[in-house]
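Scroll down for the structure; my scribbles are underneath it.
The values are calculated or read from the model by the stated rules, or taken from the named source; none is laboratory data. Note that the structure is a prediction, hence the values are computed from the model and not measured. Heads up, the Cβs are rebuilt from the backbone with ideal geometry, glycines too, and the neighbour counts pull from every protein chain shown. Just so you know, the surface numbers come from the protein's heavy atoms only, side chains and all, with ligands and any DNA or RNA stripped out. Shrake-Rupley method; radii C 1.70, N 1.55, O 1.52, S 1.80 Å.
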Amino acid sequence: MQLDVFLKKVSINHALNVLIWHIAEAGIEIAALIKQGALEGVTEKMTSTNVQGETQMQLDIRSHEVAAAHLRASAVVAGVLSEEVDAPVLFETLDAPFLVSMDPLDGSSNLAINGVVGSIFSVIPNIGVATLGDQAFLQPGQDQRAAAYIMYGPATLLVLTIGQGTHVFTLDQHSQSFVLTQQTVQVGEETSEFAINASNQRYWQPAVQRYISECLQGSEGPRGRDFNMRWCASMVMDVHRILTRGGVFLYPRDSKQPVKAGRLRLLYEANPMSLLVTQAGGASIDGLEDVLALQPTACHQRVPVLLGAKQEIQRLRDYHQQASQ
C-alpha cells in the first residue's frame, strides 16, 4: 500500500495528509543527496555553527533548505522551527493549520564514516503564530498531530504516526514512492538491550549509574540475565532499533555540562521520537516525568530522554524517584 493510499484510509484530515506527503517528498530529495556523498560535497564540514554551537556539515544546511522548501510549498504550514536556524522561519501562509519543528539531518557526524543518518519532524497545530510568534511553537509533545522520521540507510524508511499507531514505509527505488512495509509496530515491554554513550558514565546521576551497573552484571547480577549494549551516535538509528527489536535508548541528565539539562532538543528530537515510541507501546521520560507532558520554555530547549521498553522505563523512573527521596 502506497503512502497516499494509506493516509486516505486512516486520516480524515486532508491538510495533514498533504503535509505528510510533502515531508515524504523532502525525504526522497535528501536521500538522493546523501547517496552522492562526497561527489556532492555533503560530507564536508563548514566553518559555521548552528544555534547549538555545533559545527555544521554541508548537508545540514542543504537538508534544511530542502525540507523548508517542501514545507512552504505544502501551503498547510505557517512556519518551521529547525535545528539549523536560530529562530523559527514564518511563511506567507500565517493562517495555515500547522507548525513544524524539525531536525533536518540527525547524526550528521556519521556522514564521514558513511553511517546512517536521518531527518526528524514534529507536527503541531498552529495556535496563532501570527500574533504569538515563537511562543506558538512552545506546545507540549502530547499536542502533536503527527511525528515522523526518515532514515537514510541501506533502504530509505519513513516511520510515521498520526496518533493511530506507528507505521513503517520503505522507499521503492523504482517508483520513488513510499510503500507500507510494517503496520502498527509494537515495542516489547521487556528487553535485554540498551543504548547509551558509555563514555559519559562518570557524569551520570545515581539512578542511571545503578541501572547500567545492574545490566552489566548480567546473569550473575540482580537482573538475572545478560544484556547487550549498542550506540550509533544517531538518535534515528538507535530509536529505529528499538522499534524493530526492542530495547531502551538513554540520553540521561548528567553533570558534564551543567548548563544543559540534557543533550537532546525537546521540540524536534525528544517530542517526535517519544510520540513514535509511545504509539508503539513504549514509554518515554526525562527521569521522573513523561517527556510528552513537559511544557517547553524555549525553542531550542534541551532535555534528558529515556525511552523504549515500558517495564525498563518504569524501572528507571522508580530508581530516579528513590534517588530523589
Look at L306 and say whether it is surrounded by 24 or more Cβ atoms within 10 Å (Cβ to Cβ) and out of contact with any helix residue (DSSP H, G or I) (no Cβ under 6 Å at 6 or more places or on another chain). no
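The rows are residues; the columns are (1) farther than 24 Å from M229 by Cα; (2) under 14 Å from the mean Cα position of the chain (by Cα).
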| site | (1), (2) |
| --- | --- |
| Y251 | no, yes |
| S255 | no, no |
| P258 | yes, no |
| L264 | no, yes |
| G282 | no, no |
| P296 | yes, no |
| A309 | no, no |
Looking only at segment 277-301, and only at residues there that are aliphatic (A, V, I, L, M) and out of contact with any Gly (no Cβ under 9 Å at 6 or more places or on another chain), the one that is least open to solvent (accessible area, probe 1.4 Å): I285
Which fully enclosed strands (runs of 3 or more DSSP E) of segment 77-132 have 2 or more residues being among the β-branched types (V, I, T) and under 16 Å from the mean Cα position of the chain (by Cα)? 117-125
Which one is nearest to Q311 (Cα to Cα), of the residues in segment 178-208 that are open to solvent by 80 Å² or more (accessible area, probe 1.4 Å) and free of Cβ contacts under 8 Å to residues at least 12 places away in the same chain? Q201
From the option list I162, I150, I124, single residue qualifying as of a type in the set (A, V, I, L, M, F, W, C) and open to solvent by 10 Å² or more (accessible area, probe 1.4 Å) is I162
